[in-house]
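Student: Dropping a structure here in structure tokens format, bear with me for questions.
The values are calculated or read from the model by the stated rules, or taken from the named source; none is laboratory data. Keep in mind that this is a model prediction, so the values were computed, not measured. All Cβ positions, even for glycine, are placed from backbone atoms using ideal geometry, and neighbour counts span all protein chains on display. SASA here: full protein model, heavy atoms, side chains in, ligands and nucleic acids out. Shrake-Rupley method; radii C 1.70, N 1.55, O 1.52, S 1.80 Å.
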Amino acid sequence: MPTPTGLSDEIIDALRKARSVVVLTGAGVSAESGVPTFRGQEGLWRNYNPQELATPEAFNKDPTLVWEWYDWRRGLIAPLEPNPAHLAIAELEKRSPSFLLITQNIDGLHKKGGSKQMLELHGNIWNVRCVAEGNVTENHDVPLQNIPPMCSCGAMLRPHIVWFGESLDPHILHQSLQAIEACDFLIVAGTSAVVQPSASFPIMARERGATVLEVNMEPTPISSVVNSSLFGKAGELLPQLVASLG
Ligand code: BJW
């Protein structure tokens, strides 16, 4: 397998020697599996901008509309399989003395691809939460039997997903920050790096002295911060990167 163009021996060596590796992923890592990216054109549903639907205000105003959007997305995602990017990340986990995957993705494909040490920063599309009691359960119905789905207590269920303006799970955020502060190599793959707080993770890791490598189709706001950027498909570059470790 060829070494990715633009990847220096120094970066490969730093990854080989790293004691603690963190990978931060975004929607671009699932794009080659067929999951529409959040900000790409193919993610549009009935001409709604996802940023208008992924808010507590949108859900409070029209839970049926928001659930119809999620029902559509669950139907899209259900038959999809992990791609070589997911598999390369799972392989890197096996080779690293200490490893954490922090994903912004809600599609569950990393787990399907074999990743184990993993935090889902923005939740999971297959989990639902009771709006009254707050308890989280798995729901794999495709399509949903009722929209909106209801809890046995009589209250409505909502997707267990972090929407704009909502706080991340403090425990997951704390664990993520600890790993970012302790890592010596961070790979940031397939994210536009505009959503906080995860957009700050590469900056924090750089400030702590970690080597930061970006993998994306195009430059992002963090391209000027990282040690190196590889531009191309994550499903091609990440397997090449892992293979180059020998
Ligand atoms: C490929 C590829 C291939 C394609 N190979 N690459 C500080 C300043 C300003 C604002 C804020 C701030 N702190 C908080 C905020 C507000 C807000 C925020 O960040 N807004 C910004 C947009 C400005 N953040 C929040 O509200 C967060 N909450 C929070 O911080 O609470 C405290 C607080 C609140 C308010 C104010 C201050 C503090 C919560 C954020 C939750 C985000 N949730 C979402 C929606 C989930 C719903 C759902 O999906 O159903 O999560 S937003 C959406 O963006 C989704 C994603 O996980 C997330 C990141 O997107 P991602 O993954 O980067 O995808 P894309 O589509 O943007 O990019 C894809 C990339 O892949 C592109 O770069 C392509 O080039 C690339 N690509 N194919 C490699 N094959």
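Student: Beyond 23 Å, what share of the Cα-Cα pairs of region 1-154 is found? Please give it as a whole percent.
Tutor: Of all Cα-Cα pairs in region 1-154, 47 percent lie more than 23 Å apart.
Student: Same structure, new question: What are the residues whose amide H is under 5 Å from the amide H of T211, where those residues sit 5 or more places off or on another chain and H is modelled from the backbone?
Tutor: Hits under the 5 Å cutoff: F185, L186.
Student: Tell me, what HN-Hα J-couplings in whole Hz come from the Karplus equation 6.51 cos²θ - 1.76 cosθ + 1.60 at θ = phi - 60° for each residue of region 200-205, using x for Gly and Pro?
Tutor: After applying 6.51 cos²θ - 1.76 cosθ + 1.60, I find 8, 4, x, 5, 4, 5 Hz.
Student: Which lysines, on any chain, are close to K112 with Cα under 26 Å apart, when same-chain ones fewer than 8 places away are left out?
Tutor: Within the straight-line cut-off, K112 pairs with K94, K233.
Student: Here's a follow-up. Report, in debye and to the nearest 20, how large the dipole of the chain comes out about its Cα centre when Lys and Arg carry +1 and Asp and Glu carry -1 on their Cβ.
Tutor: Roughly 300 debye, rounded to the nearest 20.
Student: Placing unit charges on C-beta atoms (Lys and Arg positive, Asp and Glu negative, everything else neutral), compute the dipole magnitude of region 29-126 about its Cα centre in debye, rounded to 20.
Tutor: My answer is approximately 280 debye.
Student: Expressed as a rounded percentage, what relative contact order does region 191-246 have, with Cα pairs under 8 Å and six or more residues apart?
Tutor: 30 percent
Student: What number comes out for accessible area per residue over region 1-154 if the probe is 1.4 Å? Units Å², please.
Tutor: Numbers: 7720 Å² over 154 residues.
For region 1-154, the per-residue accessible area is 50 Å².
Student: Enumerate the amide H contacts of L119 below 5 Å, restricted to partners 5 or more residues apart or on another chain; note that Pro and chain-start residues carry no placed amide H.
Tutor: Distant-sequence amide H within range of L119: L101, I102, T103.
Student: While we're here: Relative to the longest principal axis of the C-alpha atoms of the chain, give the angle of the C-alpha long axis of helix 170-182, reported between 0 and 90° and rounded to the nearest 10°.
Tutor: 10 degrees
Student: Something else: Give me the angle, in degrees from 0 to 90, between the Cα long axis of helix 234-243 and the longest principal axis of the Cα atoms of the chain, rounded to the nearest 10.
Tutor: Rounded to the nearest ten degrees, it is 40.
Student: If you don't mind, another one. Can you give the net charge of the other residues whose Cβ lies under 12 Å from the Cβ of S115, counting K and R as +1 and D and E as -1? Don't skip to the end; give the middle numbers.
Tutor: Details: positive: K94, K111, K112, K116; negative: E91, E93, E120.
Neighbourhood net charge equals +1.
Student: Using +1 at the Cβ of each Lys and Arg and -1 at the Cβ of each Asp and Glu in region 90-153, identify which of P149, A132, L109 lies farthest towards the dipole's positive end.
Tutor: L109
Student: Which percent of the accessible heavy-atom area of the chain goes to carbon and sulfur, probe 1.4 angstrom?
Tutor: For the chain, the apolar C and S fraction of the accessible surface comes to 50 percent.
Student: Only sites in a loop by DSSP and with at most 14 other Cβ atoms within 10 Å count here; which trypsin sites (Lys or Arg not before Pro) in region 163-246 make the cut?
Tutor: When the trypsin sites (Lys or Arg not before Pro) of region 163-246 are filtered for loop state and at most 14 Cβ neighbours within 10 Å, R208 remain.
Student: Output the antiparallel fraction of DSSP beta bridges having both residues in the chain, as a percent to the nearest 5.
Tutor: Antiparallel bridges make up about 30 percent of those DSSP assigns within the chain.
Student: Once you sort the root eigenvalues of the Cα gyration tensor of region 1-74 as a ≥ b ≥ c, which label holds: rounded (a/c under 1.5), prolate (a/b larger than b/c) or oblate (the other case)?
Tutor: prolate
Student: Per DSSP H run of at least 4 residues, take -39500 (n - 2.57); add these up for the chain, divide by its residues and hand me the 222 nm value, nearest 500 deg cm²/dmol.
Tutor: -9500 deg cm²/dmol
Student: Accessible area, 1.4 Å probe, largest first: how do T211, T3 sort?
Tutor: Numbers: T211 25, T3 70 Å².
In descending accessible area the options line up as T3, T211.
Student: Then there's this: Quick one: angle between helix 84-95 and the longest Cα principal axis of the chain, in degrees between 0 and 90, rounded to 10, please.
Tutor: Between the helix axis and the principal axis of the chain, the angle is about 60 degrees.
Student: How would region 187-246 be classified by its alpha-carbon gyration tensor: rounded, prolate or oblate, with rounded meaning a/c under 1.5 and the a/b versus b/c comparison settling the rest? Could you put the intermediate results ahead of the total?
Tutor: Details: a/c = 2.23, a/b = 1.40, b/c = 1.59.
Cα axes put region 187-246 in the oblate bin.
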